[in-house]
Amino acid sequence: MVDRVADIWGARTPHGVDEPWPVRVDQYLAEGVPEHEVRWVPSACVLCSNGCGMDIAVHSGRIVGVRGRAGDRVNHGRLGPKGLFGWQANNAPDRLTEPLVRQGGTLQPATWDEAMGLVVERSRQVLTERGPLAMGFYNSGQLFLEDYYTLSVVVRAGIGTPHLDGNTRLCTATADFALKESFGTDGDPGSLRDFDLCDTLFVVGHNIAETQTVLWARILDRLRGPDRPRLVVVDPRRTAVAREADVHLPIRNGTNLALLNGIQHELIAHDRVDREFVAAHTVGYERLARTVADYPPERVAKICGVPADDIRAAAEILGAADRLVSTCLQGVYQSHQATASACQINNINLLRGMIGEPGRTVFQMNGQPTAQNTRETGADGDLTALRNWQNPDHVAELARIWNVHPLQIPTWAPPTHVMQIFRHAEEGSVRFLWIVGTNPAVSLPDLRRIRSILAQERLFVVVSDAFLTETALLADVVLPAAMWGEKTGTFTNHDRTVHLSEKAVDPPGQARADMDIFLDYARRMELTDKDGAPLPKWRTPEECFEEFKRVTVGRPCDYSGLSYEKLRGSGGIQWPCDENTPDGTERLYADHRFNTDTDYCEDYGHDLLTGAAYERQDHAALHPEGRAILKAAHYLPAHEPPSEEYPFLYTTGRTVYHWHTRTKTRRAPQLDAAAPDMWVELAPADAERLGVREGDVVRVESARGRIEARARVTGVREGVVFAPFHYGYWDTPDGVSGDGWHRAANELTITDWDPVSKQPLVKVAAVRVEKIADAGGVPSPAPTTAASRPVGEDLPPTEGGAGVRETVEGASAPVEAVRETVEEGS
């Protein structure tokens, strides 16, 4: 028995390089549930992008617990705290169980016919009066492949609007674009097993310990075993990952590109380049070498605020590696010059010739559990099955499969990103906006602006969700949606592993699966193909999956060799999976031939500084022809640097106990008790200058808004203020009004995005800080674990304890009920 709130990563099972990662099965059942009476239903976790295989425990028609699946290739039985406890949201008493329609200014219960009738009526009105460009759709990174693909066909082929995006735009749009810029198409090339095989890890802006807890447990087992890999970490905070590093580079927010250029400068200057590989398998080396020549360690040190000798030490470790795995996440993707920086991480592995082989890869890591599916299905800024929206042959092929005219698919310009969709709504050109399984009233930047847009009378807002979120409260129609465990579907993690999640229980009340809601909408809208047949034509998740397989044939994400039956009990299978690779493909580019042929690639590339899209002739002029593209760019200062009025750099992030805007995790007693409220983090020197001690209430203010929260003094870089972005206005004394918003981190963030990926930048803003109240003996609500651990304070540790013995309709139990079973060897 173990307290997995206090012990986030569980027991260690150390092993050496090339040794299998031992099995450890984690299990949590609700108190009083007899295990022998439980029915176990196979699924996978949807509370981070790792996609850990798990079984759902069902008793008396309710979900009552989970256990890790020992034979799963992703997690070998392990689960993190969110995976162990997050399922309790399914049983929360405040689930939406019937549609709601705004009447007289308030949301009132309605029937499905009334709600969908109103949605269809307004859709037809907008289409008649203004056309498809007045219709917008914004979805999630937590649905299933079948939900996304249905929505993609409805919006792209049925409605015919380019205004479709996912909240993966906030999460991994940069990963998508960096992979396309360097390798021709989306899809991380490596395997999670490469973490078992590498001798060096390069972790850039990626707090693995909190964002992907099971992956960090896997890495910790290597770090504690023989053949310990070297570890270089780039992060302005002293995270649990940084504390394990051989070299930690706590750089200034927004200077990633300068640092990465400096590391490449050192690799080239000290002849740490696999020149044979570079000559045979890449293009663009000469331009890259000229660019990074301007970034010697001394110059980079001044830009980034770290010692030049530490930059040299990091480059030396990377240059001496024989098996290098590099990773990055939001510290790159949500920061200044995001795509340019992410491409440099690809470059480092390419310069070292370390791609496509065991222990040699780069992970442009996903943040959300089904972000990969959003991209593959075309439910965000991509064309279905990793096709190129600029390539007429790709569009024609898709139109043939969907049996629609090619001009029906909006490809005259790139699909519209969410920040532009909201801009169109602000200006009045978008009049209908359907938001699916996401909460932009908390997650998008510059929240006062976002709320004002959603509250416009002329904008008709539909929200599909399982709970009455901050966004749903602003909607005209709210549709109750089924959650994970209440529907069947597939989803794909960050190393391309596909899992099948079987329906375990019925959704509560009248809630419906997202796919069924979209199909109902399509039927009511009478959407058809060229021959008058229903569009889409499927009725069940499995029928949808079979149709998606057909659309992927011959594309990089080929699913044609998969089926529901094959996925059952498989432990996960990686795409591509076709007749030539019936067991899936562990690593892409094993032959060092990349997807950069001009006729095949997913994107022709961009200018990394301006975001200008290249055309076919520009791409062909590079003559990539199966070679990776080394993309170069110069560092430019961020758009909102600190000033005399706003002297601090502001950054946002996550904590291990919560997921995004806490729609689910705040309803798990253990997770909510571990991190119940907003806090901000200050460096010791900054806190001393401000006269701030642990628990003091501070006001953090930018040019856009303010937040007020208790302070935690941590190992964050001096001059940087950190705030978790999970907290909206729920659970505040004044409910939905006024000061409730002053705990939402995105009150302060700027309306700005990367020029290539269009990912909003929430890690580079200027703020000021002032103390407004003494602690009064009350510490910050920040956990004492991981990156938010206090400096110089003796605080009670974050534990499970009696505070988590509250129940959600009898479905929770003490944390001590978590069980770990460890087996040596897999």
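The values are calculated or read from the model by the stated rules, or taken from the named source; none is laboratory data. Note that this is a predicted model, so its numbers are computed, not measured. So basically every Cβ, Gly included, is an ideal-geometry build from the backbone, and we count neighbours across all protein chains shown.
Taking (1) within 21 Å of Ala613 (Cα to Cα); (2) in the same structural domain as Val241 (by TED's automatic domain parsing); (3) polar (S, T, N, Q) in turn, Thr416 satisfies each apart from (2). Here is a check on your reading of the model: is Thr598 free of Cβ contacts under 8 Å to residues at least 60 places away in the same chain and of a type outside the set (Gly, Ala, Ser)? Yes: the conditions hold for Thr598.
Within this structure, Leu145 passes the test of being under 26 Å from Asn366 (Cβ atoms) and crowded, with 22+ Cβ neighbours inside 10 Å. Within this structure, Ala745 passes the test of being within 30 Å of Asp176 (Cβ to Cβ), small (Gly, Ala, Ser), out of contact with any Asp or Glu (no Cβ under 9 Å at 6 or more places or on another chain) and modelled with pLDDT of 95 or more. Just checking, does region 4-14 include any residue being under 22 Å from the mean Cα position of the chain (by Cα), in a loop (DSSP other than H, G, I, E, B) and farther than 15 Å from Leu192 by Cβ? Yes, some residue in region 4-14 is under 22 Å from the mean Cα position of the chain (by Cα), in a loop (DSSP other than H, G, I, E, B) and farther than 15 Å from Leu192 by Cβ. So for region 363-371 (the condition being under 25 Å from the mean Cα position of the chain (by Cα), closer than 23 Å to Arg616 by Cα and modelled with pLDDT under 95), does at least one residue qualify? No, region 363-371 contains no residue that is under 25 Å from the mean Cα position of the chain (by Cα), closer than 23 Å to Arg616 by Cα and modelled with pLDDT under 95. Here Asp55 meets each of (1) surrounded by fewer than 18 Cβ atoms within 10 Å (Cβ to Cβ); (2) under 30 Å from His15 (Cα atoms) with one exception, condition (1).
Is it the case that some residue within region 69-88 is in contact with an Asp or Glu (Cβ under 7 Å, 6 or more places away or on another chain), modelled with pLDDT of 95 or more and surrounded by fewer than 24 Cβ atoms within 10 Å (Cβ to Cβ)? Scanning region 69-88, I find no residue that is in contact with an Asp or Glu (Cβ under 7 Å, 6 or more places away or on another chain), modelled with pLDDT of 95 or more and surrounded by fewer than 24 Cβ atoms within 10 Å (Cβ to Cβ), so the answer is no. Filtered by the rule that a residue be of a type in the set (Phe, Trp, Tyr), in contact with a Gly (Cβ under 9 Å, 6 or more places away or on another chain) and farther than 19 Å from Thr596 by Cβ, region 608-650 gives a lone residue, Phe648. Screening Thr732 on (1) among the polar types (S, T, N, Q); (2) in contact with a strand residue (DSSP E or B) (Cβ under 9 Å, 6 or more places away or on another chain); (3) modelled with pLDDT under 90 shows it passes everything except condition (2).
When Leu260, Leu288 are checked against the criterion of being within 28 Å of the chain's Cα centre (by Cα), in the same structural domain as Leu201 (by TED's automatic domain parsing) and touching a residue at least 60 places away in the same chain (Cβ under 8 Å), a single residue qualifies: Leu260.
Results for (1) acidic (Asp, Glu); (2) surrounded by fewer than 24 Cβ atoms within 10 Å (Cβ to Cβ), shown as yes or no for each residue.
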| position | (1), (2) |
| --- | --- |
| Thr411 | no, yes |
| Leu433 | no, no |
| Trp484 | no, no |
| Thr488 | no, yes |
| Asp495 | yes, no |
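Just to verify a result, which residue in region 266-324, among those that are charged (D, E, K, R) and assigned to a loop (DSSP other than H, G, I, E, B), is farthest from Gly16 (Cα to Cα)? Across region 266-324, the extreme among qualifying residues is Asp294. Counting the residues of region 504-538 that are among the charged types (D, E, K, R) and within 29 Å of the chain's Cα centre (by Cα) gives 5. Given the condition surrounded by fewer than 24 Cβ atoms within 10 Å (Cβ to Cβ) and among the basic types (Lys, Arg), answer yes or no: does some residue in region 353-374 qualify? No; the residues of region 353-374 include none that is surrounded by fewer than 24 Cβ atoms within 10 Å (Cβ to Cβ) and among the basic types (Lys, Arg).
Here region 781-804 is the region considered, the condition is being buried (at least 16 other Cβ atoms within 10 Å of the Cβ) and charged (D, E, K, R), and the residue that is modelled with the highest pLDDT is Arg789.
Number of residues in region 505-556 that are part of a helix (DSSP H, G or I), hydrophobic (A, V, I, L, M, F, W, C) and more than 30 Å from Arg62 (Cα to Cα) equals 3. When Val278 is tested against (1) surrounded by fewer than 24 Cβ atoms within 10 Å (Cβ to Cβ); (2) closer than 19 Å to Gly359 by Cβ; (3) in contact (Cβ under 8 Å) with a residue 12 or more places away in the chain, exactly one condition is not met: (2).
Among the conditions (1) at negative phi; (2) touching a Lys or Arg at 6+ places or on another chain (Cβ under 7 Å); (3) in the same structural domain as Leu197 (by TED's automatic domain parsing), the only one that Gly356 does not satisfy is (1). Within the set Asp599, Asp618, the sole residue that is surrounded by fewer than 22 Cβ atoms within 10 Å (Cβ to Cβ), more than 29 Å from the chain's Cα centre (by Cα) and either outside the structural domain of Ala293 (by TED's automatic domain parsing) or in a helix (DSSP H, G or I) (or both) turns out to be Asp618.
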